[in-house]
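Read the structure below first, then the notes.
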Amino acid sequence: MALALQQLINGLTLGAVYGLIAIGYTMVYGIIGMINFAHGDIYMVSAFIAITGFTLLAALGVSSVPLGLVLVLLLAVAFTSVYGWTVERVAYRPLRGSTRLAPLISAIGMSIFLQNMVQLTQGARVKPIPPVLVGGIDLLTIDGFTVRLAYSQLLIVFVTLALMGGFTWLITRTSFGRQQRSCEQDRTMTALLGIDVDRTISLTFMLGAALAAVAGVMVTVYYGVVDFFIGFVAGIKAFTAAVLGGIGSLPGAMLGGLLIGLIEAFWAAYLSAEYKDVATFSILILALMFRPSGLLGRPEVEKV
Amino acid sequence: MKTRILAAGFGLLSLAATSAWADILVAIAGPMTGQYASAGDQIRKGAELAVADINAKGGVLGQKLKLEIGDDACDPKQAVSVANTMVNKKIAFMHGHWCSSSTIPASEVYNEAQIVMATVSTNPQVTERGLKNIFRIMGRDDQQGVVAGNYLVDHFKGKKIAVVDDKSAYGKGLADEIAKAMEARGVKPALRESITAGEKDYSGLVSKLKSAGIEVLAFGGYHTEVALILRQAQQAGLKLTVMGGDTMTNSELVTAAGPMADNVLFTFAPDPRKNPAAAAVVKKFRDAKVEPEGYVMYAYAAMQLFAEAAQKAKSTKYKDLEKALREGSFDTVIGKLSFDAKGDNKLPGFMVYQWKGGQYDYVK
């Protein structure tokens, strides 16, 4: 019972991070119909910016944890959005209107480029920071097992909830949200109505990158260890989350992320950590067999 | 006009002559990129200095050594393609690969092309397949596992011990041997698990260890995962002692795990830095701002091994080199190397070490 509660906490935390990254995949797919394989590496870059930020703040003598967190978050979001914009401008925009495969290959190239750039400039070694948020709350003890909620886990869940709220508002209520949704439906028609499609797509990439940046900062706070390779595994998992939830659907991405986080946590604790990924991907296959467009995805209807 | 053509002719001839007296190519291969790139870096630094030193002393058989570097990123498929590239370059000697899972497939390629190799990979299978071209300058996992298993049984009586591996050829091999050694002494591991290397979240494993009341974790795998497990155990309020293998020599463990690294014990070959005969080389490395930790001295020793064997054999041909290595004994910075019929070296195997304040030393 205590173990289940602990794993629920761990799973939700992990799932929140997957979900944040998955939104970037799903949004880009929704608007231009391509998988942005460099997205996992954007997340990795943001984790490095976070490490740099924390080290810088420590050097400047900023000792207040909340202030430090807010500053690093702003810094990471700002820089990572620029990365998101640049990647779109350099690697995808010139290929718009060509075959579907061209931007896909370009995305894989971008992913390799970002990984190697970080490896060469930052070194291949693991970059650690001393724990930022230490401690936690001991919730309850059953049979000698203490369920513990670390402050960093609390932070991740709260920040994710707040972001999701803000994001839903942005997409459903603002004029940018409307432009974005109309680009999703029909780019030509949107352009005819006087909306700058390129700008909307650029902003979408920046938004996705900003969410990945938040995930990067959270992971840096939570695990404290970053290397240039983390984007790969996280990217694959987040992509899976996006597909499971229904690619193109925002709540779907979050739901998929949480599901995968929970499946991993419970499988690792009760069955075997060894077959954790097998379980995750088996459930993905099963879900897609019965709901080919994902849990919350709507099938594309071809209008004749 | 005629003299000019003659001169040109001589020029061509001398060009041809220099290329006929080409350098001897020696190679290293390992994870120069990828998540274990820091080990590749150690190998490269060790081999570079060794080649420079050997060349400064006049080279091997009057020829200079030239170092080729192959990057397998610890990927078995890439290792095979690196091996083929090296074979095409006609190298005389290979030091590598590093990951057992790379060494095993790559060694088939070198064996077919008749190239001798010296490796630090510790999986028993490396020398158990009857290949004649492979020489191991480090101990084997089965020796390592016995030392670690016995230490755990002797020093952690009555405590619950879990054995976990990372599913790699190296990690699983080591963990199996530790478990076997413990069982031979009548102690059954309280938990046997595997994890996936390269992930960041091991909270599932940590919760499981915590609920099973585990105090000691014997881990077959690499330092990156140990650092993460230790940090997450601390966050979950679990005090854990870890027993690992030779990969824990990497000082990255200390940067990543912080003070938690003091809870790490590991088995490793006797520290080559403590070898009095190697003092001059150690100083040279430190002067060049390279700490000769982990695999640095082994890479240096591998190059020495080749140089001495080639001098003894008076040849760099496969047959002569292989015979010289099999029969001779060689003074290197890691001690006197000589090999048995399988290609395993006869140096004393492993010691138990402990990290303390960023340094490791024999455990007291």
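Scanning the range B:37-71 for residues being within 14 Å of chain A (Cβ to nearest Cβ), closer than 15 Å to residue B:103 by Cβ and either in contact with a Ser or Thr (Cβ under 8 Å, 6 or more places away or on another chain) or without any contact (Cβ under 8 Å) to a residue 24 or more places away in the chain (or both) gives a total of 3. Per the listing A:14, A:67, the residue uniquely more than 19 Å from residue A:127 (Cβ to Cβ), within 14 Å of chain B (Cβ to nearest Cβ) and assigned to a helix (DSSP H, G or I) is A:14. Figure legend. Inter-residue proximity from the range A:97-117: first residues touching a residue at least 24 places away in the same chain (Cβ under 8 Å), second residues in a helix (DSSP H, G or I), beta-carbon distance below 6 Å, spacing 6+ or different chains. Indicated pairs: A:103/A:92; A:103/A:95; A:110/A:87; A:110/A:91; A:111/A:41; A:114/A:41; A:115/A:41. For the range B:321-334, does any single residue satisfy the condition of being of a type in the set (Phe, Trp, Tyr), in contact (Cβ under 8 Å) with a residue 60 or more places away in the chain and not in a loop (DSSP other than H, G, I, E, B)? No, the range B:321-334 contains no residue that is of a type in the set (Phe, Trp, Tyr), in contact (Cβ under 8 Å) with a residue 60 or more places away in the chain and not in a loop (DSSP other than H, G, I, E, B). Condition first: crowded, with 22+ Cβ neighbours inside 10 Å, within 14 Å of chain B (Cβ to nearest Cβ), over 23 Å from residue A:35 (Cα atoms) and in contact with an Asp or Glu (Cβ under 7 Å, 6 or more places away or on another chain). Can you find one or more residues in the range A:227-242 that meet it? No, the range A:227-242 has no match at all. Taking the conditions (1) within 18 Å of the chain's Cα centre (by Cα); (2) farther than 27 Å from residue A:74 by Cα in turn, residue A:269 satisfies each one other than (1). For residue B:278, the test of being of a type outside the set (Val, Ile, Thr) and either modelled with pLDDT under 90 or surrounded by 16 or more Cβ atoms within 10 Å (Cβ to Cβ) (or both) is passed.
Checking the range B:221-242 against the condition returns no match, with no residue being among the hydroxyl-bearing types (Ser, Thr, Tyr), part of a loop (DSSP other than H, G, I, E, B), within 14 Å of another protein chain (Cβ to nearest Cβ) and without any contact (Cβ under 8 Å) to a residue 40 or more places away in the chain.
Residue A:117 meets the conditions (1) at pLDDT 85 or above; (2) more than 14 Å from every other protein chain (Cβ to nearest Cβ); (3) out of contact with any Phe, Trp or Tyr (no Cβ under 8 Å at 6 or more places or on another chain) in every case but one. The failed one is (2). Just one of the listed residues (A:89, A:148) is within 14 Å of another protein chain (Cβ to nearest Cβ), among the charged types (D, E, K, R) and in contact (Cβ under 8 Å) with a residue 40 or more places away in the chain, namely A:148.
Per-residue answers, yes or no, for (1) of a type in the set (Val, Ile, Thr); (2) under 16 Å from the mean Cα position of the chain (by Cα); (3) within 14 Å of chain B (Cβ to nearest Cβ):
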site	(1), (2), (3)
A:182	no, no, no
A:206	no, yes, no
A:212	no, yes, no
A:218	no, yes, yes
A:222	no, yes, yes
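None of A:137, A:129, A:142 is crowded, with 16+ Cβ neighbours inside 10 Å and among the β-branched types (Val, Ile, Thr) except A:129. In the range A:243-266, of all residues being out of contact with any Asp or Glu (no Cβ under 9 Å at 6 or more places or on another chain) and within 12 Å of chain B (Cβ to nearest Cβ), the one that is surrounded by the fewest Cβ atoms within 10 Å (Cβ to Cβ) corresponds to A:262. For the range B:64-98, the tally of residues that are assigned to a helix (DSSP H, G or I) and of a type in the set (Lys, Arg) stands at 1. Set side by side, the residues B:301, B:279 differ, and just one is in a helix (DSSP H, G or I) and in contact with a Gly (Cβ under 9 Å, 6 or more places away or on another chain), which is B:301.
The values are calculated or read from the model by the stated rules, or taken from the named source; none is laboratory data. In this text the structure is predicted, and so the values were computed from the model without any measurement. Note: ideal-geometry Cβ built from the backbone for every residue, glycine included; neighbour counts use all protein chains shown.
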